[in-house]
Amino acid sequence: MLTLIVLLPLLGFVLNGVLATRLGGNRVGKPFVIAVGCGLPLLAFVLVVNLLIDLQDSGWVPLVETAYRWATVGDSAFEIAFYFDRLSAVMALVVTGVGSVIHIYSVGYMAHDKSFGRFFAYLNLFLFFMLLLVLGRSLLVLFVGWEGVGLASYLLIGFWYDDLANARAGKKAFITNRIGDAGFLLGMFLLFQALGTLDMDRINTAFAFTGTSAPAVSASLVGILLFIGATGKSAQIPLHVWLPDAMAGPTPVSALIHAATMVTAGVYLVARMSGVYLQAPEASMVIAVVGVATAFFAATVAMVQTDIKKVLAYSTVSQLGFMFLALGVGAYGVAIFHVVTHAFFKACLFLGAGSVIHALGGEQDLRKMGGLARRIPVTFVTFAVATAAIAGIPPLAGFFSKDEILWFALASTRGGSVLLFGVAALTALMTAFYMFRLLWLAFLGRSRMEPKVEQHVHESPLSMTGVLMLLAVLSAMGGLFAVPHFLEPQLPLPGTQESWHFFHRPLLVLSVLIALGGLAGAAYVYGGPPARAEALRERYAGLHRWLSGKYFIDELYERLIGRPLVWVSDHVFLRLGDRRVLDGTLDGMAALGQRGAALLGRVQTGQLHLYAWLVLIGIVGALLWSWRHV
């Protein structure tokens, strides 16, 4: 059944890719595309639920299923094997469940696109690789899925490739991820050299031993190398630059990448390899620091963005930072808890943004919105619920998962500190502020829409609003799933410092006040006269320029990396290497051949007496040579 779960989306990709795209979508029709594109992921979700019931009946003993032997090298056999335990069950439910509703939403959103069948084929391909990633038993199978989602993201981000900006965004995402993957590969090579296996359950077991039985490889070194791969896939500093540009694709793609699939792969990798990181406190501290720094950095940028999808993109980068903060302090189950709740409210937010864009005929600028609450009420209510959830308003889903992250950031015995907590708490305040700012600018206040756009504003079809309502319910109630408790037998929660136990309840109250403070701040700045926000921006014009320019990191990379590489490519490899060395060598050989031919051509004159003299000279030379050797 595990193999079937993985293959169902692949079958959807093949059917829609061949029948609906190559053989002509007009013959098979949209009903076929919808039935295959949405039906097979839904069937995969049903099978995952059924398998979870089987897992419970078996006493939570992990299920292992080998599809086939891939290769044999010496005494080592590499198998395509799938592994189903509590962690992979949670991830598979998120991938197939949230992924399926995004497919359903896409039916309405992409209804008039000329490449309807191709879009669903790519979506199915994305789910196939993501399921390969979360269900693979070995790092090798995981890596195939890891690279596959990179390929699928390239196809989906650049789906409207007629626009050069979309094609560039897809290329940027693909190349940036390959940089991180170099670290991932080195980590895999070290593990295989030391342990002779890439099966993740066996690797974790091996690192559980200490003393003379410990693996002959540094856990911190392996942990850092694997985390480099995670920084690329999950958009952490310094490889975060691709994710905001991933907004170039259709909005359902943004929801699929940001909420349920690709960007959470790095979080899953670290949680899955928790046995390594428990023995690598240095690597864990690096993860915590990079995570909280990324969360803070992205939140500051999100506060000034004017593109509705860019705000949500930087919000995703920031929330991923919270997840890595939890991983760094040893709260692996809490990080996965935030993965689940984030999948609910971020999918709702992105798809809600898609509904807004759909209503406004493609408009994404928040400065040209406002007053939409009464025009598209279903979208507004669902968006408001998801906004309150990510801000941490109780009793919504984000409150529970974010509160636990803050608590362990402070009190965990595996690296919690006041500094980590302070930065995370400030970031949570900014999160509430910029999300309610987004809600206010898009839905509340006076209308700033252009007259031609405003007269055509309409609510989205049921295929879109129905999905939004479902995700809003999950955003409200998702915190009740108690994912850390479910995962605790596999991912035990870290101990907490007794000195902070007295402050547990006060910190709970502080968490609520932080969310309400962000709401109050956004209401004060953007709920009042427009001049108030304008005056604030002018007062801090220099800071606003840095934040709106995203700290000019892309420009810095272009100057320090892009331009030097272009110069080296042009002057060293092209002019010197290609033109002078390669072309020069070939041209020189050609010139030598021409000169040799010209020299020999002088001998072939067509004059009979010259040929007679040459024959005579040859005979004389032959006689002399024979006489000397007699």
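Given the conditions (1) part of a helix (DSSP H, G or I); (2) hydrophobic (A, V, I, L, M, F, W, C); (3) free of Cβ contacts under 8 Å to residues at least 40 places away in the same chain, report the number of the one that Val217 does not fulfil.
(1)
Being farther than 19 Å from His103 by Cβ and of a type in the set (Phe, Trp, Tyr) is the filter here; which residues of the range 153-174 pass it? Walk me through it before giving the result.
Taking the range 153-174 as the starting set, the residues that turn out to be farther than 19 Å from His103 by Cβ are 154, 158, 161-174.
Those that are farther than 19 Å from His103 by Cβ and of a type in the set (Phe, Trp, Tyr): Tyr154, Tyr161, Phe174.
Given Leu55, Leu8, which one is part of a helix (DSSP H, G or I) and closer than 24 Å to Val334 by Cα?
Being part of a helix (DSSP H, G or I) and closer than 24 Å to Val334 by Cα holds for just one of Leu55, Leu8, which is Leu55.
If I go through the range 418-446 residue by residue, how many of them are over 21 Å from Ala298 (Cβ atoms) and open to solvent by 10 Å² or more (accessible area, probe 1.4 Å)? First the steps, then the outcome.
Quick first cut of the range 418-446, residues over 21 Å from Ala298 (Cβ atoms) only: 418, 443-446.
Checking the rest, the ones that are also open to solvent by 10 Å² or more (accessible area, probe 1.4 Å) come to 418, 444-446.
Number of matching residues: 4.
So, in the range 392-408, of the ones that are among the aliphatic types (A, V, I, L, M) and part of a helix (DSSP H, G or I), which residue ends up nearest to Gly478 (Cα to Cα)? Talk me through it step by step, then tell me what you get.
Here is the first cut: in the range 392-408, the residues among the aliphatic types (A, V, I, L, M) are 393, 396-397, 405-406.
Now narrow it down to the ones that are part of a helix (DSSP H, G or I): 397, 405-406.
Details: Ala397: 5, Ile405: 16, Leu406: 18 Å.
Looking at the filtered set, the residue picked out is Ala397.
I'm trying to understand the selection: among the residues of the range 169-189, which are open to solvent by 70 Å² or more (accessible area, probe 1.4 Å) and among the basic types (Lys, Arg)?
If the condition is that a residue be open to solvent by 70 Å² or more (accessible area, probe 1.4 Å) and among the basic types (Lys, Arg), then Lys171 is the only one that fits.
For the range 421-461, give me each residue that is without any contact (Cβ under 8 Å) to a residue 12 or more places away in the chain, more than 28 Å from Ile405 (Cβ to Cβ) and in a helix (DSSP H, G or I). Write out each step before concluding.
Looking only at the range 421-461, we keep the residues that are without any contact (Cβ under 8 Å) to a residue 12 or more places away in the chain, and these are 422, 451-452, 454-455.
Filter again for more than 28 Å from Ile405 (Cβ to Cβ), leaving 451-452, 454-455.
Selection gives Pro451, Lys452, Glu454.
Only one residue in Arg86, Arg118 is within 24 Å of Leu51 (Cβ to Cβ) and open to solvent by 10 Å² or more (accessible area, probe 1.4 Å). Which one? Walk me through how you get there before you give the answer.
Numbers: Arg118 fails: within 24 Å of Leu51 (Cβ to Cβ).
On inspection, the qualifying residue turns out to be Arg86.
Could you grab me the full set of residues in the range 529-545 that are farther than 15 Å from Phe433 by Cβ and either modelled with pLDDT under 85 or touching a helix residue (DSSP H, G or I) at 6+ places or on another chain (Cβ under 6 Å) (or both)?
Of everything in the range 529-545, those that are farther than 15 Å from Phe433 by Cβ and either modelled with pLDDT under 85 or touching a helix residue (DSSP H, G or I) at 6+ places or on another chain (Cβ under 6 Å) (or both) turn out to be Pro529, Pro530, Ala531.
Hey, among Val317, Val267, Val276, Val286, which residue is touching a Leu at 6+ places or on another chain (Cβ under 6 Å) and hydrophobic (A, V, I, L, M, F, W, C)?
Being touching a Leu at 6+ places or on another chain (Cβ under 6 Å) and hydrophobic (A, V, I, L, M, F, W, C) holds for just one of Val317, Val267, Val276, Val286, which is Val317.
From Val483, Val512, which residue is of a type in the set (Val, Ile, Thr), in contact (Cβ under 8 Å) with a residue 40 or more places away in the chain and surrounded by fewer than 22 Cβ atoms within 10 Å (Cβ to Cβ)? It would help to see each step written out before you state the result.
Values: Val483 fails: surrounded by fewer than 22 Cβ atoms within 10 Å (Cβ to Cβ).
Answer to the selection: Val512.
Restricting the search to the range 467-494, which residues are assigned to a helix (DSSP H, G or I) and farther than 17 Å from Ala255 by Cβ?
Taking the range 467-494 as the starting set, the residues that turn out to be assigned to a helix (DSSP H, G or I) are 467-481, 483-487.
Within the range 467-494, Ala476, Met477, Gly479, Leu480, Phe481, Val483, Pro484, His485, Phe486, Leu487 meet the criteria.
Considering each of Ala384, Ala353 in turn, give the residue that is of a type in the set (A, V, I, L, M, F, W, C), buried (at least 17 other Cβ atoms within 10 Å of the Cβ), without any contact (Cβ under 8 Å) to a residue 60 or more places away in the chain and closer than 17 Å to Ser475 by Cα.
Details: Ala353 fails: without any contact (Cβ under 8 Å) to a residue 60 or more places away in the chain.
Criteria check complete, one pass: Ala384.
Determine whether Ile102 is part of a strand (DSSP E or B) and either under 23 Å from Val149 (Cα atoms) or not aliphatic (A, V, I, L, M) (or both). Reasoning before the result, please.
On the way: part of a strand (DSSP E or B): no; either under 23 Å from Val149 (Cα atoms) or not aliphatic (A, V, I, L, M) (or both): yes.
Answer is no for this residue.
Any residue that is crowded, with 24+ Cβ neighbours inside 10 Å, outside any helix (DSSP H, G or I) and not small (Gly, Ala, Ser) - is there at least one of those in the range 332-350?
no
Give, as residue ranges, the helices (runs of 4 or more DSSP H) completely inside the range 519-607 that count at least 2 residues that are acidic (Asp, Glu), free of Cβ contacts under 8 Å to residues at least 12 places away in the same chain and surrounded by 11 or more Cβ atoms within 10 Å (Cβ to Cβ). Write out each step before concluding.
Details: elements: 530-539, 541-548, 553-557, 563-567, 583-603.
Hits in the range 519-607: 583-603.
Here's the yes/no breakdown for (1) part of a helix (DSSP H, G or I); (2) out of contact with any Leu (no Cβ under 6 Å at 6 or more places or on another chain); (3) among the polar types (S, T, N, Q):
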site: Gly170; (1), (2), (3): yes, yes, no
site: Asn177; (1), (2), (3): yes, yes, yes
site: Gly180; (1), (2), (3): yes, no, no
site: Gly183; (1), (2), (3): yes, no, no
site: Phe192; (1), (2), (3): yes, no, no
site: Thr205; (1), (2), (3): yes, yes, yes
site: Leu221; (1), (2), (3): yes, yes, no
site: Phe227; (1), (2), (3): yes, yes, no
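Table: residues versus (1) among the aliphatic types (A, V, I, L, M); (2) open to solvent by less than 10 Å² (accessible area, probe 1.4 Å); (3) at pLDDT below 90.
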{"site": "Ile203", "(1), (2), (3)": "yes, yes, no"}
{"site": "Ala214", "(1), (2), (3)": "yes, no, yes"}
{"site": "Ser218", "(1), (2), (3)": "no, no, yes"}
{"site": "Pro238", "(1), (2), (3)": "no, no, no"}
{"site": "Ala246", "(1), (2), (3)": "yes, yes, yes"}
{"site": "Ala259", "(1), (2), (3)": "yes, yes, yes"}
{"site": "Met262", "(1), (2), (3)": "yes, yes, yes"}
{"site": "Tyr268", "(1), (2), (3)": "no, yes, no"}
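Check whether at least one residue in the range 615-630 is open to solvent by 70 Å² or more (accessible area, probe 1.4 Å), at pLDDT below 80 and assigned to a helix (DSSP H, G or I), and report yes or no.
Yes, the range 615-630 contains a residue that is open to solvent by 70 Å² or more (accessible area, probe 1.4 Å), at pLDDT below 80 and assigned to a helix (DSSP H, G or I).
Which of the residues belonging to the range 131-168 are open to solvent by less than 20 Å² (accessible area, probe 1.4 Å), over 25 Å from Ala71 (Cα atoms), part of a helix (DSSP H, G or I) and not aliphatic (A, V, I, L, M)?
Correct list: Ser153, Asn166.
In the range 526-581, which residues are aliphatic (A, V, I, L, M) and more than 33 Å from the chain's Cα centre (by Cα)?
Of all residues in the range 526-581, those aliphatic (A, V, I, L, M) come to 531, 533, 535-536, 541, 543, 547, 553, 556, 560-561, 565-566, 568, 572, 574, 576, 581.
Answer for the range 526-581, where residues must be aliphatic (A, V, I, L, M) and more than 33 Å from the chain's Cα centre (by Cα): Ala531, Ala533, Ala535, Leu536, Val572, Leu574, Leu576, Val581.
The values are calculated or read from the model by the stated rules, or taken from the named source; none is laboratory data. None of the values given here were measured: they were computed from a predicted structure. Note: ideal-geometry Cβ built from the backbone for every residue, glycine included; neighbour counts use all protein chains shown. We work out accessible area using only protein heavy atoms, side chains counted, and drop any ligands, DNA or RNA first. Shrake-Rupley method; radii C 1.70, N 1.55, O 1.52, S 1.80 Å.
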